[in-house]
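Right, one structure below, let's go through it.
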Amino acid sequence: MLVDSKATGAPISDFILPERLGSDAFRETHGIKYAYYSGAMYRGIASKELVVRMGKASLMGILGTAAMTLEEIEQDIDFIQRSLSDNYAYGVNLLCHLDKPEVEMSHVEIFLKKGVKCVEAAAFMQMTPALVLYRLRGLSLSEKNEEIMIRNKIIAKISRPETAEIFMNPPPQVIINKLLSEQKITPLQAELGLKVPMADDVCVEADSGGHTDQRNPIVLFPTIKRLQAEMNVKYAYPHKIRVGLAGGIGTPESIAAAFIMGADFVCTGSINQCTVESGMSDTVKNILQSINIQDTDYAPAGDMFKIGARVQVLKKGTFFPARANKLFMLYNHYNSLDEIPEKIRDQIQKQYFQKSFDEVFREVEAHLRSTERPHLVEKALSDSKYKMELVFVWYFHHTMLLSFAGNSASQVNFQVHTGPSLGAFNQWVKGTPLEDWHNRHVDSIAEQLMKDAAMIMNERYANFKDSNL
């Protein structure tokens, strides 16, 4: 339940205030009230309205851009910039596209054109020219030529130490040289690039909703925190790298625990999906507001199906996790659609897809040709295993669209990325006005969480002090 200081008799003391939790530098750098931000979520679930609501409350939200077109991204940025003055904070998500670097570069070019000052970089396993370009274009010297000014801020979402190290290092010299030779950066920016880390902030992502490595936060976070200390000493950066925590952040207790472990900031995700400002359908929000911590499961990730990457998804009220896992099992066991036993083929086509394999492949073929990838069609026609992969991956895209459309008749096939932190949040707000998602606003949730986290820390400290007198 929500903590009421008047009811409990536990005042918020001057010792710990919500505005003092985490890093002062994080708040000052981004111009926000709390060391707290709302992270990006797929296809505009972290919507432009959500970002604006956070910004107007002197908080920061990240626009979710995955699977959005360039035109949609540009329109959403325009909306945010019209709604927020330069004094308000916001960020935009940038996903890594190792197989399609031109997509990543086109996104960065929009960010540079629009003057986006903060990017949340996700799914990066190595540094890329597009991200380095964004970082270096924002470098300059102060008027007295004494201090390096970093206009383009990067928050790096990571779940592995080796990835964190990539972002804590300066940009690779080889990429800097390439950008310089292409005249995309100035000689001064190339020089300054070797004196700053790739990221201002590294957000340690534990077992989160959506794509996840299923990491334990109390194991992963201290490891990255020690790496942060080593890298700050190694490079003596003028602005120290900060490390925060995401994944499982949904209650005041989880926020308090993060700050006690030494987090410079926290990031919320799943809990923001079930708010008025979220871009998810009302039908899905109605389901999400009632889930508990046991109501999520793991399934293959559609965009990384072949390699077995995982996403954490809603289990309650949908067959998607079971069906997605079965498709992955069939893909690994058989070499073509024709090899699958007839009874199972019929089940998939009638119950899962509600279309024949041939109908699905025709849709896939039309999409690939419209996006100027006819070579993939030819590959599928000559490689039965690859054709099966394309047909199965169609289901993952289709189930996401169903959840956004919110037709309750399709509920059994909804794919909804969420983690158990939302279940914990639901239990925390049970019996309060926030139990109904229609009363949940991203900024008021942030306020209540941070205030109650501070109150809990004060109470724990007071109890600890009393027990040691």
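Looking only at region 154-172, count how many residues are touching a strand residue (DSSP E or B) at 6+ places or on another chain (Cβ under 7 Å) and either surrounded by fewer than 20 Cβ atoms within 10 Å (Cβ to Cβ) or more than 16 Å from Val108 (Cα to Cα) (or both).
At the first step, the residues of region 154-172 found to be touching a strand residue (DSSP E or B) at 6+ places or on another chain (Cβ under 7 Å) are 154-159, 164, 167-168.
From the residues that got through so far, the ones that are either surrounded by fewer than 20 Cβ atoms within 10 Å (Cβ to Cβ) or more than 16 Å from Val108 (Cα to Cα) (or both) too are 157-159, 164, 167-168.
Within region 154-172, residues that are touching a strand residue (DSSP E or B) at 6+ places or on another chain (Cβ under 7 Å) and either surrounded by fewer than 20 Cβ atoms within 10 Å (Cβ to Cβ) or more than 16 Å from Val108 (Cα to Cα) (or both) number 6.
Got at least one residue in region 242-263 being acidic (Asp, Glu) and over 18 Å from Glu162 (Cβ atoms)?
yes
Can you tell me which residue among Ser142, Ser106, Ser159, Ser85 is under 28 Å from Ser47 (Cα atoms), in the same structural domain as Pro238 (by TED's automatic domain parsing) and without any contact (Cβ under 8 Å) to a residue 12 or more places away in the chain?
Ser85
How many residues are touching a Gly at 6+ places or on another chain (Cβ under 6 Å), closer than 23 Å to Arg53 by Cβ and of a type in the set (D, E, K, R) if we restrict to region 239-277?
Of the residues in that region, 0 qualify.
Within region 192-201, identify whether any single residue is of a type outside the set (Gly, Ala, Ser), within 21 Å of Glu253 (Cβ to Cβ) and crowded, with 18+ Cβ neighbours inside 10 Å, and answer yes or no.
no
Where in region 209-310 are there strands (runs of 3 or more DSSP E), lying fully within it, with 2 or more residues that are assigned by TED's automatic domain parsing to the domain that holds Phe404? Give the derivation first.
Working: elements: 242-246, 266-268, 296-300.
Correct list: 296-300.
Among the numbered conditions (1) under 24 Å from Phe414 (Cβ atoms); (2) basic (Lys, Arg); (3) in contact (Cβ under 8 Å) with a residue 12 or more places away in the chain, tell me where Lys385 comes up short.
(1)
If Asp4 meets every condition in (1) at pLDDT 95 or above; (2) more than 29 Å from His397 (Cβ to Cβ); (3) surrounded by fewer than 21 Cβ atoms within 10 Å (Cβ to Cβ); (4) not hydrophobic (A, V, I, L, M, F, W, C) apart from one, which number is that one?
Among (1) at pLDDT 95 or above; (2) more than 29 Å from His397 (Cβ to Cβ); (3) surrounded by fewer than 21 Cβ atoms within 10 Å (Cβ to Cβ); (4) not hydrophobic (A, V, I, L, M, F, W, C), the lone unmet condition for Asp4 is (1).
Can you say whether Lys379 is outside the structural domain of Gly317 (by TED's automatic domain parsing), over 18 Å from Gly302 (Cα atoms) and surrounded by fewer than 18 Cβ atoms within 10 Å (Cβ to Cβ), as far as the supplied structure shows?
no
So, in region 407-436, how many residues would count as being outside any helix (DSSP H, G or I), touching a Ser or Thr at 6+ places or on another chain (Cβ under 9 Å) and over 22 Å from Asp303 (Cα atoms)?
1
Report those strands (runs of 3 or more DSSP E) wholly inside region 95-159 carrying at least 1 residues which are more than 22 Å from the chain's Cα centre (by Cα) and farther than 22 Å from Gly55 by Cα.
Qualifying strands (runs of 3 or more DSSP E): 139-141, 148-150.
If a residue has to be out of contact with any Ser or Thr (no Cβ under 9 Å at 6 or more places or on another chain) and among the β-branched types (Val, Ile, Thr) to count, how many in region 203-228 make the cut?
Summing the residues that are out of contact with any Ser or Thr (no Cβ under 9 Å at 6 or more places or on another chain) and among the β-branched types (Val, Ile, Thr) in region 203-228 gives 4.
Scan region 304-319 for residues that are crowded, with 18+ Cβ neighbours inside 10 Å and either more than 19 Å from Leu422 (Cβ to Cβ) or out of contact with any strand residue (DSSP E or B) (no Cβ under 9 Å at 6 or more places or on another chain) (or both) and jot them down.
Phe305, Gly317, Thr318, listed by residue number.
If you check Lys451, Lys387, which single one turns out to be surrounded by 18 or more Cβ atoms within 10 Å (Cβ to Cβ), basic (Lys, Arg) and within 30 Å of Tyr331 (Cβ to Cβ)?
Lys387
State yes or no: is Ala366 assigned to a helix (DSSP H, G or I) and either among the charged types (D, E, K, R) or surrounded by 14 or more Cβ atoms within 10 Å (Cβ to Cβ) (or both)?
Considered against the rule, which asks whether it is assigned to a helix (DSSP H, G or I) and either among the charged types (D, E, K, R) or surrounded by 14 or more Cβ atoms within 10 Å (Cβ to Cβ) (or both), Ala366 comes out as no.
Could you list, ordered by first residue, the pairs with Cβ atoms under 6 Å in which the first is in region 31-43 and surrounded by 24 or more Cβ atoms within 10 Å (Cβ to Cβ) and the second is at pLDDT below 95, at least 6 apart or interchain?
Listed pairs, sorted by first residue: Tyr42/Ala66.
Working only within region 73-94, note down all residues that are surrounded by 13 or more Cβ atoms within 10 Å (Cβ to Cβ), out of contact with any Lys or Arg (no Cβ under 9 Å at 6 or more places or on another chain) and not in a strand (DSSP E or B).
Hit for region 73-94 is Ile73, nothing else.
Checking Ala301 against (1) in contact with a strand residue (DSSP E or B) (Cβ under 7 Å, 6 or more places away or on another chain); (2) closer than 13 Å to Met388 by Cα; (3) not hydroxyl-bearing (Ser, Thr, Tyr), which single condition isn't satisfied?
Condition (2) is where Ala301 drops out.
In the set Met400, Met455, which member is within 23 Å of Glu205 (Cβ to Cβ) and either over 23 Å from the mean Cα position of the chain (by Cα) or not assigned by TED's automatic domain parsing to the domain that holds Leu50 (or both)?
None of the others qualify; the one that does is Met400.
The values are calculated or read from the model by the stated rules, or taken from the named source; none is laboratory data. These figures come from a predicted structure and were not determined experimentally. Here the Cβ is made from the backbone with ideal geometry for all residues, glycine too, and neighbour counts use every protein chain on show.
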